[in-house]
1. Please list, in order along region 88-101, the HN-Hα scalar couplings obtained from phi with the Karplus expression 6.51 cos²θ - 1.76 cosθ + 1.60 (θ = phi - 60°), rounded to whole Hz, x for Gly and Pro.
2. Say each of residue 122 and residue 87 gets a label point 7 Å from the Cα, pointing the same way as Cα to Cβ; how far apart are those two points in nm?
3. Run a plain Debye calculation on region 76-128 (Cα atoms as equal point scatterers, no solvent) and give log10 I(q)/I(0) at q = 0.24 Å⁻¹, rounded to two decimals, same order as the q list.
4. Spelling out what I want: for every residue of region 25-41, take phi, set θ = phi - 60°, compute 6.51 cos²θ - 1.76 cosθ + 1.60 (Karplus), and round to whole Hz; glycine and proline get x.
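A short reminder: the numbers here are calculations on the coordinates, not readings from a lab. What you see is a predicted model, and the numbers here were worked out from it, not measured in a lab. Here Cβ is always computed from backbone atoms with ideal geometry, including for glycine, and neighbour counts include all displayed protein chains.
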Amino acid sequence: SMSSNPGNTDGPWLGLLSSRPVRNASARVMEHKDDRVAVYVRQKRPGFLRVPPLSWIVPFKRERRALLDRVGTRLWRMCDGERTVLELVDSIRGHYGLTFHESRAAVTGYLKLLTERGVIAIVTQEEP
């Protein structure tokens with residue numbers, strides 16, 4: 001074990017920090033005022049919506065909108081498939097004057113949300 005400190009969570013983070021988030025190329029993007037973006041992600045039609053009467057009751061939206069705040073927008077713009085999560089953490093830390101741990105918590109929280117919404121994908125490096 002790296003440390004006897006039970007609060008030490010470096011193990012699981014190492015793989016994530018070296019991975020590279022990349023924007024969803026098929027998403028539609030609209031710039032908003034205050035330097036924010038709205039990202040529209042195409043949705044797959046779930047199978048149950050093809051079956052009446054559910055298909056009449058449940059509206060299917062072809063796209064789902066994610067309106068990103070300033071931090072989310074800044075992060076999203078940096079997800080170029082080149083920068084690692086660690087580089088994003090460092091950039092946000094420097095820009096907002098956070099500690100490494102504060103920034104890591106904020107960035108990983110945002111990335112989880114953006115990934116769940118299909119706005120970005122996380123590309124992990126496979127061990128050779």
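1. Along region 88-101, the couplings run 5, 4, 4, 5, 5, 4, x, 5, 9, x, 9, 6, 4, 5 Hz.
2. That separation, rounded to one decimal, is 1.8 nm.
3. Those come out to -0.96, one per q.
4. Those phi angles translate into 5, 8, 6, 9, 10, 10, 6, 10, 5, 6, 6, 10, 10, 10, 10, 9, 9 Hz.
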